[in-house]
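Encoded as structure tokens, the structure appears first; notes follow it.
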Amino acid sequence: MKIGIPRAFLYYKYHVLWETFFEELGIEYIVSPETNKDILKRGTMHAIDESCLSSKIYTGHVDYLIDKCDYIFIPRVATLGSHKDTVCSKFQAIYDVINNTYREKNLKILYYSIDVINKDTELKAFLKMGKFLGKKKVQIMKAYYIAKQAEKTAKMIDLNNQNNLFKSDNPKILIVSHPYNIYDEYVGKPITNTLKELGCEPILACVVDEKQARDKAKKISKTLPWTFNKELVGAIDIYKDKVDGIILASSFPCGPDSLVNEMIIRRFKGKPIINLTLDGQEGTAGLETRLESFVDIIKIRKNEVVNE
Ligand code: SF4
């Protein structure tokens with residue numbers, strides 16, 4: 001049995017967990033390639049019109065994997081964590097949306113479902129999935145705990161690497177964006193690459209102690225419902241005094257981000273902030289121009305502070 005993993009959405013948050021779990025169970029898998037023009041085109045063709053760019057990209061990756069594997073891996077997350085936080089409805093619905101989009105192809109989907117409000121924890125979800133894959137409970141438990149450890153180690157390495165960037169004298173710019181946007185080769189990487197070319201250190205809000213960030217976010221808004229947005233908001237509070245500017249990068253037309261970005265602009269004053277909308281348009285000339293002007297402002301401010 002070969003599993004196909006779409007390189008989109010939760011892949012960027014959980015790929016170490018998933019890949020280690022499958023490897024420990026001896027399950028073969030393939031991951032779709034980095035997003036490119038063809039994948040986006042496939043996604044745009046099949047996704048429903050109201051979809052955000054990130055959903056279209058996800059659909060494009062699923063479309064790429066059809067016929068290349070036996071099952072496509074599409075986990076479902078509804079509520080998670082000790083606070084029973086929710087996630088954007090696109091994550092909750094993705095299993096059904098994809099199933100419905102490709103109903104004529106009789107798609108075989110491998111999934112797990114996390115919904116802590118209904119007592120479906122991550123461990124329970126992995127146990128069910130492992131059982132479906134024909135594995136024994138003891139094997140599944142072992143694979144899960146090894147995968148959790150690998151995930152923890154990978155996060156620690158990412159965090160240490162990012163903390164080292166703060167030692168640089170270059171301007172540091174915090175990018176507030178979901179991992180599936182900022183790590184995506186087609187829509188997010190042009191931002192980090194351009195910042196590096198302009199002599200800046202991109203600091204990613206999604207690389208953070210997630211629990212600490214969620215706790216911080218509670219102080220900023222008691223009513224924010226989406227856990228992944230909470231992590232980004234809390235990360236701003238953690239990093240704000242160590243960076244020179246903030247970029248909010250959201251996929252078009254993201255409902256949660258449009259609300260949360262407004263709140264961020266009102267609550268976090270004192271640092272230059274720009275709002276970038278990622279729409280998957282070809283070419284990066286417009287993006288580069290906006291980033292150049294933003295970095296110029298930051299460099300001027302930084303010099304003024306040094307010369308004061
Ligand atoms: S949070 Fe925004 S970008 Fe992410 S899936 Fe939901 S609508 Fe799309």
**Complete:** Excluding residues fewer than 8 positions from residue 142 in its own chain, the aspartates and glutamates with Cα under 16 Å of it are 19, 23, 24, 122, 151
**Fill in**
Ordered by number, the GluC sites (Glu not before Pro) in the stretch 1-48 that occupy a DSSP loop and have at most 16 other Cβ atoms within 10 Å are 34
**Asked** Based on DSSP H runs of at least 4 residues, each adding -39500 (n - 2.57), what is the mean residue ellipticity at 222 nm of the chain after dividing by all its residues, to the nearest 500 deg cm²/dmol?
**Response** -17000 deg cm²/dmol
**Request:** Using DSSP to define loop residues, name the chymotrypsin sites (Phe, Trp or Tyr not before Pro) in the stretch 152-233 whose beta-carbon has at most 12 other beta-carbon atoms within 10 Å.
**Result:** 166
**Complete:** Stokes-Einstein D for the stretch 166-307 (4 °C, 1.567 mPa s, Kirkwood Rh from Cα pairs), in µm²/s, comes to 84 µm²/s
**Request:** Return the distance in nm (one decimal) between the two label points of a simple spin-label model at residue 281 and residue 146, each offset 7 Å from Cα along Cα→Cβ.
**Result:** 4.9 nm
**Item:** J(HN,Hα) series, the stretch 160-176, from Karplus relation 6.51 cos²θ - 1.76 cosθ + 1.60, nearest Hz, glycine and proline x
**Value:** 4, 4, 5, 4, 5, 5, 5, 6, 6, 8, 5, x, 10, 10, 7, 9, 9
**Prompt:** Taking the DSSP beta bridges in the chain as the whole, what percent of them are antiparallel, to the nearest 5?
**Reply:** 10 percent
**Request:** Measure nothing fancy, just the Cα-based angle from helix 89-101's long axis to the longest principal axis of the chain, in degrees from 0 to 90, nearest 10.
**Result:** 50 degrees
**Request:** May I ask you to derive the FRET efficiency for residue 269 and residue 185 from their Cβ-Cβ distance with R0 = 41 Å, giving the value to the nearest 0.05?
**Result:** 0.75
**Prompt:** How big is the accessible area of residue 46 in square angstrom, nearest 10, if you roll a 1.4 angstrom probe over the protein chains?
**Reply:** 70 Å²
**Asked** Among the lysines, which fall within straight-line cross-link reach of residue 90, defined as a Cα-Cα distance under 17 Å, with same-chain neighbours fewer than 8 residues apart omitted?
**Response** 13, 56, 230
**Prompt:** In terms of Cα to Cα distance under 20 Å, which lysines are near enough to residue 137, apart from those fewer than 8 places away along the same chain?
**Reply:** 119, 124, 128, 148
**Complete:** Residue span residue 153 to residue 300: 0.36 nm per residue of separation minus Cα-Cα distance leaves a gain in nm of 49.1 nm
**Asked** Label points 7 Å out from Cα along the Cβ direction at residue 209 and residue 163: separation in nm?
**Response** 0.9 nm
**Message:** Please list, in order along the stretch 123-140, the HN-Hα scalar couplings obtained from phi with the Karplus expression 6.51 cos²θ - 1.76 cosθ + 1.60 (θ = phi - 60°), rounded to whole Hz, x for Gly and Pro.
**Reply:** 4, 4, 5, 5, 4, 5, 5, x, 5, 4, 7, x, 9, 7, 4, 5, 5, 5
**Prompt:** If 79, 284 are ordered by their accessible area, calculated over protein heavy atoms with a 1.4 Å probe, which sequence runs from highest to lowest?
**Reply:** 284, 79
**Kirkwood Rh, angstrom, the stretch 76-222 [1 / mean 1/r, Cα pairs]** = 18.4 Å
**Message:** Counting only other residues whose beta carbon sits under 12 Å from that of residue 183, what net charge do I get with K and R as +1, D and E as -1?
**Reply:** -1
**Prompt:** Based only on Cα atoms, what Rg/Rh ratio does the stretch 24-150 have, Rh being taken as Kirkwood's radius?
**Reply:** 0.99
**Prompt:** How large is the accessible surface per residue of the chain, computed with a 1.4 Å probe and reported in Å² as a whole number?
**Reply:** 50 Å²
**Message:** Based on alpha-carbon atoms only, what is the radius of gyration of the chain relative to the globular estimate 2.2 N^0.38 Å?
**Reply:** 1.03
**Complete:** Residues whose modelled amide H sits under 5 Å from the amide H of residue 79, counting only those 5 or more places away in sequence or on another chain, are 115, 116, 117
**Asked** Relative contact order (percent) for the chain, with alpha-carbon contacts under 8 angstrom and 6 or more residues of separation?
**Response** 17 percent
**Asked** What are the trypsin sites (Lys or Arg not before Pro) within the stretch 164-230 that DSSP puts in a loop, where the Cβ has at most 11 other Cβ atoms within 10 Å?
**Response** 167, 222
**Complete:** In degrees rounded to 10, the 0-90 angle between helix 11-24 Cα long axis and the longest Cα principal axis of the chain is 40 degrees
**Prompt:** At a 1.4 Å probe radius, carbon and sulfur cover how many percent of the accessible area of the stretch 2-151?
**Reply:** 50 percent
**Item:** Per-residue HN-Hα couplings for the stretch 282-288 [Karplus 6.51, -1.76, 1.60; θ = phi - 60°; Hz; x = Gly/Pro]
**Value:** 6, x, 10, 4, x, 5, 4
**Fill in**
Note, residue 165: beta-carbon cut-off 14 Å, +1 each Lys/Arg, -1 each Asp/Glu, net 0
**Prompt:** Pulled fully out, how much extra length does the chain show between residue 70 and residue 223, if you take 0.36 nm times their separation in residues and subtract their Cα-Cα distance?
**Reply:** 50.9 nm
**Asked** Percent relative contact order of the stretch 2-151, based on C-alpha pairs within less than 8 angstrom and at least six residues apart?
**Response** 28 percent
**Complete:** If R0 = 45 Å, then residue 46 and residue 262, at their Cβ-Cβ distance, give a FRET efficiency to the nearest 0.05 of 0.90
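The values are calculated or read from the model by the stated rules, or taken from the named source; none is laboratory data. If you're wondering where the values come from, they're calculated on a predicted model, not measured in any experiment. Note: ideal-geometry Cβ built from the backbone for every residue, glycine included; neighbour counts use all protein chains shown. The accessibility values were calculated without ligands, DNA or RNA, using every heavy atom of the protein model including side chains. Shrake-Rupley method; radii C 1.70, N 1.55, O 1.52, S 1.80 Å.
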